[in-house]
Amino acid sequence: MKSLRHRLPPLTSLMFFEAAARTLNFTRAAEELHVSQAAVSKQIRQLEEGLGFALFERVGRRVQLSPRGTQLHNKVSAAFNYLADAVDEISDKRNASMVTVAANTAISHFWLSEVMRDFRARNPSFAASIRTITSDQPSDLFNDSVDLVVAYDPGQRIHWTAQLLFEEEIFPVASPAYIESHPLLGDGPEALLSQVLLEYERIQPNWINWSIWFKSLGIDPSRVRATEYGNNYNVLVDAASRGRGVTLGTRYLLDAEIRSGRLARLSSLSVRPGRGYFLMRNDQRPLRPEVEQLHGWIAGYRVN
């Protein structure tokens with residue numbers, strides 16, 4: 001595969017082209033770039049020669065983009081703006097007024113979003129912007145740019161201070177309509193084996209699925225047969241709320257779904273694996289007042 005250096009025209013030419021295409025005026029583009037109009041014309045001419053087609057068309061005393069010029073400008077403009085945003089995100093000016101919080105997809109969707117909504121409602125004068133990173137890969141969560149992480153079973157991590165938010169408790173959940181049409185025939189875990197089980201793939205080895213859940217209750221995992229599989233927990237919870245089967249729910253994470261009536265516990269059985277959800281603070285990041293304020297809110301958040 002060719003390198004970007006061999007695939008792209010000189011970036012200077014593209015930058016001159018972007019300014020000329022945006023202003024449709026070589027003189028204004030030259031003023032913006034602090035060069036002469038002749039320099040702009042030269043860069044555009046060299047770019048057109050390298051590409052093999054015209055980027056501009058003259059209409060009287062005005063210039064307009066050719067069809068291919070319009071196509072190139074749309075992509076070049078988007079690319080330069082994307083690069084500028086990337087630089088802004090890592091600059092000291094942007095970081096000074098931003099708190100970055102990270103969590104996996106399940107925590108972000110079912111718990112953290114509610115926490116952050118209430119935080120903004122109760123703290124309308126909070127000066128900093130809040131950036132949220134959502135990923136199921138620990139390497140994306142525990143990186144140098146992140147201030148706070150809401151993490152499941154993170155273990156010992158150097159340069160991160162951990163505070164337990166809540167312990168994990170896992171139980172089967174389904175929609176009320178499903179429960180009505182698929183009543184349990186018994187109280188023990190055996191009764192659940194005949195239900196329509198919705199299973200998610202274990203992206204991380206410490207995640208608990210149906211096989212592990214049943215095994216902790218004394219059921220041979222080889223007897224567990226899931227009907228549907230998915231690689232995204234949020235999708236399975238949505239499937240359960242639509243009456244397609246039973247999935248594993250976690251206390252606190254799905255409390256709002258249960259309160260709303262979209263989901264309900266299918267039985268009184270539950271498993272406490274001895275793991276939990278933790279609030280992690282990056283000790284290598286500056287402990288700014290905004291970070292402390294948000295940390296205190298998340299650490300003390302409780303749903304009644």
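The values are calculated or read from the model by the stated rules, or taken from the named source; none is laboratory data. Keep in mind that this is a model prediction, so the values were computed, not measured. Heads up, the Cβs are rebuilt from the backbone with ideal geometry, glycines too, and the neighbour counts pull from every protein chain shown.
Structure notes:
Condition check ((1) among the aromatic types (F, W, Y); (2) modelled with pLDDT of 90 or more; (3) under 19 Å from N234 (Cβ atoms); (4) over 14 Å from the mean Cα position of the chain (by Cα)) across all residues:
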{"residue": "R122", "(1), (2), (3), (4)": "no, yes, no, yes"}
{"residue": "S139", "(1), (2), (3), (4)": "no, no, no, no"}
{"residue": "D144", "(1), (2), (3), (4)": "no, no, no, yes"}
{"residue": "Y152", "(1), (2), (3), (4)": "yes, yes, yes, yes"}
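- Out of A256, A240, sole residue that is surrounded by fewer than 19 Cβ atoms within 10 Å (Cβ to Cβ) and either at pLDDT below 90 or under 20 Å from Y178 (Cβ atoms) (or both): A256
- Residue match in the stretch 72-80 (condition: more than 30 Å from R131 (Cβ to Cβ) and not assigned by TED's automatic domain parsing to the domain that holds R131): yes
- Any hit, the stretch 169-186, residues being on the phi > 0 side of the Ramachandran plot, within 26 Å of the chain's Cα centre (by Cα) and without any contact (Cβ under 8 Å) to a residue 12 or more places away in the chain: no
- Qualifying position, being touching a Leu at 6+ places or on another chain (Cβ under 6 Å), of a type in the set (A, V, I, L, M) and under 15 Å from T12 (Cα atoms), among V99, V35, V76: V76
- Residue among L141, L164 that alone is more than 17 Å from L287 (Cβ to Cβ), free of Cβ contacts under 8 Å to residues at least 60 places away in the same chain, out of contact with any helix residue (DSSP H, G or I) (no Cβ under 8 Å at 6 or more places or on another chain) and not β-branched (V, I, T): L141
- Pairs meeting the criteria (first residue in the stretch 14-42 and touching a residue at least 40 places away in the same chain (Cβ under 8 Å), second residue among the polar types (S, T, N, Q) and not in a helix (DSSP H, G or I), beta carbons under 8 Å, at least 6 apart or on different chains) are L24/Q64.
- Residue that is farthest from L236 (Cα to Cα) [pool: residues in the stretch 187-206 that are under 32 Å from the mean Cα position of the chain (by Cα), surrounded by 15 or more Cβ atoms within 10 Å (Cβ to Cβ) and aliphatic (A, V, I, L, M)]: V196
- 2 or more residues within 25 Å of L185 (Cβ to Cβ) and touching a residue at least 40 places away in the same chain (Cβ under 8 Å): qualifying strands (runs of 3 or more DSSP E) within the stretch 224-304: 247-250
- Those strands (runs of 3 or more DSSP E) of the stretch 19-122 in which at least 2 residues are farther than 30 Å from W297 by Cβ, considering only elements entirely within it, cover 56-59, 62-65.
- Residue check, I130 over 27 Å from G296 (Cβ atoms) and either surrounded by 15 or more Cβ atoms within 10 Å (Cβ to Cβ) or without any contact (Cβ under 8 Å) to a residue 12 or more places away in the chain (or both): no
- Hits in the stretch 82-100 - residues which are in contact with a helix residue (DSSP H, G or I) (Cβ under 7 Å, 6 or more places away or on another chain) and at pLDDT 90 or above: V99
- Each residue in the stretch 158-182 was checked for being in a strand (DSSP E or B) and either charged (D, E, K, R) or surrounded by 15 or more Cβ atoms within 10 Å (Cβ to Cβ) (or both), and 10 of them qualify.
- All conditions but one from (1) outside the structural domain of G296 (by TED's automatic domain parsing); (2) not in a loop (DSSP other than H, G, I, E, B) apply to P205; the one that does not is (2).
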